[in-house]
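The values are calculated or read from the model by the stated rules, or taken from the named source; none is laboratory data. Just so we're clear, the structure is a prediction, and the values are computed from it rather than from any experiment. As a convention, Cβ positions derive from the backbone with ideal geometry for all residues, glycine included, and neighbour counts pool all protein chains shown. Accessible surface is based on the protein model in full, side chains and every heavy atom, while ligands, DNA and RNA are left aside. Shrake-Rupley method; radii C 1.70, N 1.55, O 1.52, S 1.80 Å.
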Amino acid sequence: MGYIARHALENLHKYAYKGVDKSLTSKYVLNPFWTWFVTLWPLSVAPNTITLSGLCIVIVNFATVFWHDPTYLAEKGGVVMPSWVYFSCAVGLFLYQSFDAIDGKQARRTGMAGPLGEMFDHGCDALNTTLEAVLTCQALNLGRSWWTVSSQVATLANFYLTTWEEYHTGALYLGVFSGPVEGILMIVAIFTISGIYGPSVWDTGILTFLRLSNVPLINQLPDFPLNDLIMVTGAFVVCFNIVVSYRNVRSATRAAVKSSTQPLLLLLPFVVSAGIQIFWLTHPRYDAAVLIDSALFVPFLCAWGLQFAHQVGRMILAHVTRAPFPWWDWMWVWSLAGAVDANLPLLAGRPPLFQTSETNRAVAVWLTLALSLVSYARFCTLVINDITNFMGIACFTVRKKDKDGVWHESVPKGDDANGKKKV
């Protein structure tokens, strides 16, 4: 086998998806739509094909935004984005959410539910997390700023928490307000509003927006911009999710008569990985613009996102194969080297060894992005090959292999459009 140990592959047969969704929006509004929407897809379409299609839509949105705003500076008046770009991002994200919601339903219709779908779904979600964080900050008129970095940290932390929680509890828990449901709908609304009024509307002060700027006493309060309010709200949501996730993990570990504090140590890998990236970003200026003020900012965030996807991908793999939690990721070494080199003026009082100019820094960042992409692509390819070969299934077609090595359609021809036996 290529990536997964043989004894770990055996555990794939023990995997069973468990999920808890307490969202009222999902239950009463979206789920009836998803139940109807999945019936539009032929039974010959594999669930992973639907998942990948949703991610491709977001990638097209991402490419469209940076075709019009390649330097990520629209908020400074350098670029005027067409309104339809924001509308397309809103539609694209809603479609991504819908595709992401029905892939599990399609898996049950086609008899293809299993650990591969769990891995594939989370892998696409991990990539989408960074893409949407970057796009949302562009729509909120934040651009190259520490608010954008904070948004990246918050969204990745939220996703890491969910994965960490699922590893310890065995279930994917979505609360009354969750990122995949209400969070995405909120971002869809942000894109829509930016399309109607332009992203500069988010620079409007809160008091001005609420028409309270002339009210006595209240007008003495700071008139913070709306986009700052959204970022602060996001921070409170992350803190709330930390408490809820740990409460669920504590209940699960106590029920299993295990330590309820030891899982907290498994949050450290995210703290370390995020700390390395922020350390690189905070380097002092030396014969080149700092990363956060250069056109390298978005490639840097994308490299960070790919490394994060690799990290949580290994966590999900450990969950479905019942393997030990992955504490370490070798990609940290490369980013740490880049961070230390950029910070040598601060650490050792000497110039960087390599990142002494904008050109050299561009080489370092783009090479980091390339290595991160290759590393994650390698991980995905090897894991998919291991699981499909071991379980006798296909990734993008609705087929299974019998004991004689012959491929068969997963859904019997006598089944109806919902994957149920005809009477």
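Quick rundown of the values:
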| item | result |
| --- | --- |
| Residue, farthest from Pro82 (Cα to Cα), within segment 22-69, restricted to residues that are surrounded by fewer than 18 Cβ atoms within 10 Å (Cβ to Cβ) and among the charged types (D, E, K, R) | Lys22 |
| Lone unmet requirement of (1) at pLDDT 90 or above; (2) open to solvent by less than 10 Å² (accessible area, probe 1.4 Å); (3) of a type outside the set (Val, Ile, Thr) for Met331 | (1) |
| Residue within segment 309-329 that is charged (D, E, K, R), in a helix (DSSP H, G or I) and free of Cβ contacts under 8 Å to residues at least 24 places away in the same chain present | no |
| From Asn227, Asn219, residue being open to solvent by 30 Å² or more (accessible area, probe 1.4 Å), in a helix (DSSP H, G or I), over 21 Å from Asn343 (Cβ atoms) and of a type in the set (S, T, N, Q) | Asn219 |
| Some residue of segment 25-42 being part of a helix (DSSP H, G or I), in contact with a strand residue (DSSP E or B) (Cβ under 8 Å, 6 or more places away or on another chain) and within 27 Å of Val134 (Cβ to Cβ) | yes |
| Number of the exception - Phe37 against (1) touching a residue at least 60 places away in the same chain (Cβ under 8 Å); (2) closer than 22 Å to Pro180 by Cα; (3) out of contact with any helix residue (DSSP H, G or I) (no Cβ under 7 Å at 6 or more places or on another chain) | (3) |
| Filter result for Tyr160 (touching a residue at least 60 places away in the same chain (Cβ under 8 Å) and open to solvent by 20 Å² or more (accessible area, probe 1.4 Å)) | no |
| Candidates Tyr173, Tyr167, filtered to the one that is open to solvent by 40 Å² or more (accessible area, probe 1.4 Å), in contact (Cβ under 8 Å) with a residue 60 or more places away in the chain, among the hydroxyl-bearing types (Ser, Thr, Tyr) and touching a strand residue (DSSP E or B) at 6+ places or on another chain (Cβ under 6 Å) | Tyr173 |
| Qualifying positions in segment 305-324 - open to solvent by less than 10 Å² (accessible area, probe 1.4 Å) and of a type in the set (A, V, I, L, M, F, W, C) | Phe308, Ala309, Val312, Met315, Ile316, Ala318, Val320 |
